[in-house]
Amino acid sequence: MTTESARPSPGGPAARPGLGLLVLAVVLVGLNLRGPIVGIPPLIDQISSDLDLTGTTAGLVTSVPLICFAVGSPLVALLTRRVGLDRAVLLSLVLLGVSVALRPWGGLVTLLLGTVGVGLAITVGNVVVPVLVRRDAGGRTKEVMAASTSSYGVGAALAVAVAVPVAAVVGWRGSTALLAVLVVLALVVWLVRMRRAAAAPAAGPAAGPTAGPARAVPGPAARPGRADGRGPAARPSVWTQPAAWWLALFFGLQSTLFYSSSAWLPPLVADQAGVTTATAGTAVSLFHLLGIAGTLAVPTLLARLGNARRVAVTVAAGWAVLLAGLLLVPGLWLAWVLVGGVAQGAGIGLGLTLVAVRPVDADYGRSVSAMVQGAGYGLAAVGPVLVGWSHAVTDGWATPVLILLAAAALMGVAGLRAGEDAPIGARRGVPHG
């Protein structure tokens, strides 16, 4: 890709704490952006039994965060303009820690309200982290995004792996609340990073965005009245940009496939391959763990394949192998899960990398990230429901899998446009940089 991601933005890395602290901070934040969601499904039977939940209500508990992603993402850009990127992450970590720690210790209302808090807090992290990495990592944006996004898979795999064993010792309430420990760790490191940035000597007018996070460094588009015409009016609304919509479609279909698979892969593998529930649970753990390798491979794939469009098509093909393999040759389920796990990690890694590097500048990136993730997660929220409904109506897996195969094919088509090099938001005739 040839966007300006290779160039640090004003007040970039030279004016901030070291790259190592940035990587540590965003990795720890990333550990908390999936675990509090995917850690609930393995315990949903225990939760339903304890709280006397219906199947519909239990499904609501697992789908609320995706609804929050869709509704809350467009509002995050407004939050960051008011408090800055760094304080937005800080506030989200506080909300996440409180919500994770308190939501199990009551009835259904407390559980739902806490889950809403979890969803809204993670929404902020989803939207802000790619923009913050773009702002602070300079020419290492792709590599830092790979490290950050891979931690999503680590957090998800860890939450799934420990949920049931820990619940056997301390109950489902203690098991789910224990995830707050990781949030506290991320919060401490984030505060250290903000304090070091505040103590760093100013390097010019744009330096020190975290010294006063409410004054986060604006990109060129945020400065009105510039003689070169690059004030706010120079940047078109992100909602009018076809490139942003293609990116939203790619991101949304990738998320649809991920969350649908996270929810339905265990019964799909169990029914199709004739394995035990425990073995099917192992398939989900492998699925999440292998996503780490897929995410870390994104910078290499971009370099080896030459551009993001080819990587997007490769990811779509990996999803197709998983789905078609389970439908046609279920006995080889382990091979298909291996391929699908790597594909899902590469897909989310590529999607967030494109969100980080394709906007014309870091300031416009706030709007792009909010729009892409809001629209994308709105689409993703439909996926698990549609798969579950089609499975119930047909009493089989052929129709649900065909629906997901169609989503994979469409994702590949969208990736051909989402992976283009042209910066999103660039005004014709005005150089970006």
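The values are calculated or read from the model by the stated rules, or taken from the named source; none is laboratory data. All figures in this text were calculated on a predicted structure; none of them were measured in a lab. Cβ placement follows ideal geometry from the backbone for every residue including glycine, while neighbour counts extend to all protein chains displayed.
Points to keep in mind about this one:
- Residue count for the range 376-406 satisfying the condition of being closer than 26 Å to Gly351 by Cβ and either outside any helix (DSSP H, G or I) or among the hydroxyl-bearing types (Ser, Thr, Tyr) (or both): 3.
- For the range 294-328, residues that are assigned to a helix (DSSP H, G or I) and either of a type in the set (A, V, I, L, M, F, W, C) or in contact with a Pro (Cβ under 8 Å, 6 or more places away or on another chain) (or both) total 22.
- The lone exception for Asp363 - which of (1) assigned to a helix (DSSP H, G or I); (2) charged (D, E, K, R); (3) surrounded by fewer than 19 Cβ atoms within 10 Å (Cβ to Cβ) it fails: (3)
- Search result, residues across the range 292-315 that are in contact with a helix residue (DSSP H, G or I) (Cβ under 6 Å, 6 or more places away or on another chain) and under 15 Å from Leu410 (Cα atoms): Arg309, Val311, Ala312, Val313, Val315
- Some residue of the range 285-298 being without any contact (Cβ under 8 Å) to a residue 12 or more places away in the chain and surrounded by fewer than 19 Cβ atoms within 10 Å (Cβ to Cβ): no
- Tyr152 passes every criterion in (1) under 26 Å from the mean Cα position of the chain (by Cα); (2) farther than 30 Å from Thr110 by Cα; (3) at pLDDT below 90 apart from (2).
- Some residue of the range 70-81 being within 26 Å of Leu386 (Cα to Cα) and either outside the structural domain of Arg193 (by TED's automatic domain parsing) or surrounded by fewer than 21 Cβ atoms within 10 Å (Cβ to Cβ) (or both): yes
- Among the residues making up the range 162-186, those that are crowded, with 18+ Cβ neighbours inside 10 Å and among the small types (Gly, Ala, Ser) are Ala163, Ala167, Ser175, Ala177, Ala180, Ala186.
- The range 329-360, subset in contact (Cβ under 8 Å) with a residue 60 or more places away in the chain and outside any helix (DSSP H, G or I), residue surrounded by the fewest Cβ atoms within 10 Å (Cβ to Cβ): Val360
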